[in-house]
Amino acid sequence: MKKKTGIYIHIPFCKSKCVYCDFLSARPEDEDQIKRYISSLVEEIREKAERIPAALKTVDSVFFGGGTPTLLDAGELIFILEELKKGFYITEDAEITIECNPGMSGMRHCPESEAAEKPEGNTKRAQQEYFEKIRAAGVNRISFGLQSALDSELKVLGRIHRFQDLKDTFAAARVAGFNNINTDIISAIPGQTVESFRETLKRVTEFEPEHISCYSLILEEGTRLFEHLEEFPPLPDEDAEREMYHLAREVLKEKGYEQYEISNFCRRVTKPEESGLYGSPKAGNDNPYGNNTGCHHRVGDGENRKQGFVQESNVDYRCRHNLGYWDRAVYFGFGAGAAGFDGKVRYKNISDTEEYIKKAGSKEDISQREVLTREDAMAEFMFLGLRKTDGVSEKDFYDSFGVTMESVYGDILKEQVKQGLVEKTTGGYALTGKGTDVSNSVMAEYLL
Ligand code: SF4
């Protein structure tokens, strides 16, 4: 269970709005708005850091989300990170993630027309320098919002990138030293078929990202897709959607990904602790996109091991930051619309970017708070924890609430076990495959 604090930073800017998106994101009004936003964000960090008790200031995950955080310059991102380091203790091994739109990595000052006219090599070099700078500043995980590997589907979604952009940015990130990369994909896109989704899975796994998130598209009120559904190709029906989910689980398992949450999959590798012993990054790996730690392929590993030169550790690439959400760990959110949780109270910052810019860092309150009741907290423990394939731990429940899980949820658990939705694990409960298929209704039972 994650015990340390997480930090989420929201960057509410995108180059244009995707048709399905209901996140807080919009095209920035102008360059000045981005600058003003960054200074308000930093004010909020400074102001909150002063008030947060020292016991909650040890941070082992930072997540830059959006929006499109890579719309910021490397210098701007580093500036924010430095401010965080002043106000919090960021552990040496902290996971620091940035979401990256494959069509937008550090290219804000490079309008499309200009970029198109630039020799290709220039743009690629700029991208790589960008990744190198943020990597040197401590960012060690990239989350690419690919969504589909088919350009026709990306176009339907209103994404600004094409598959080739992912190829380029992924390769640039690898060369810059990123060896922990997530790629997001979406199923149930209008017009998508099981076969076209299979193609996306095939192409994505060829890149060998360490982590893959796979969510079903949700039709959200207020989005262009919701309001003008008739203008889009038909949505896959429920059966096709289910089939896509099953296909993702099957293909990703075949390719060596372990499912650790309803929608999240990762690789687990045995890795040398002293990576210096493993020579140059590209040794033995012909895949330009591969994680070039060398740990899978290096000739002579066996000999080194025999002689005791290499100590190994089992590394998995689960997203520590998101695990914190499912484990109800403390996290602080900074930025417009960002949410946080101090262990007892959940809060959400105001969602209007201009209002946020005006108020953040001032004495004015910028958040809405919800104090959780004990019942709320217990329900959260169950429905968030059951999202993980490890499920929920009876001991953790007892440690958190001083009563047994059995005494609070015994009847529900008994019934769900009987129906084959939930199963007993060593020390707790987890969803079965059948329960995962209807997870929303299984979780709803825990709301007291
Ligand atoms: S890039 Fe992401 S945040 Fe931006 S509009 Fe598209 S879906 Fe929304």
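Every number in this text was worked out from the coordinates using simple rules, so none of it is lab data. Owing to the predicted nature of the structure, the values given are computational and were not obtained by experimental measurement. Every residue, glycine as well, gets a Cβ built from its backbone with ideal geometry; the counts of neighbours run over all protein chains shown.
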Ratio Rg/Rh, restricted to the chain and using Cα atoms, in which Rh is the Kirkwood radius:
0.96
To the nearest 20 debye, what charge dipole does the chain have about its Cα centre, counting +1 at the Cβ of each Lys and Arg and -1 at the Cβ of each Asp and Glu?
1200 debye
Could you list 443, 104 so that the one with the fewest beta carbons within 10 Å of its beta carbon is first and the one with the most is last?
443, 104
With r defined as the distance between the Cβ atoms of residue 425 and residue 79 and R0 fixed at 45 Å, what FRET efficiency is calculated, to the nearest 0.05?
0.50
At what distance in angstrom do the alpha carbon centres of the stretch 144-181 and the stretch 431-446 lie from each other?
32 Å
Given the stretch 373-419 reduced to its alpha-carbon atoms as identical point scatterers, what log10 I(q)/I(0) does the Debye formula return at q = 0.32 Å⁻¹?
-1.35
Could you work out how far the C-alpha centroid of the stretch 322-368 sits from that of the stretch 40-92, in angstrom?
13 Å
Separation between the residue 406 and residue 218 pseudo-spin-labels, each 7 Å from Cα along Cα→Cβ, expressed in nm?
3.5 nm
Between residue 54 and residue 242, what length comes free when the chain is fully extended (0.36 nm per residue of separation minus the Cα-Cα distance, one decimal in nm)?
63.1 nm
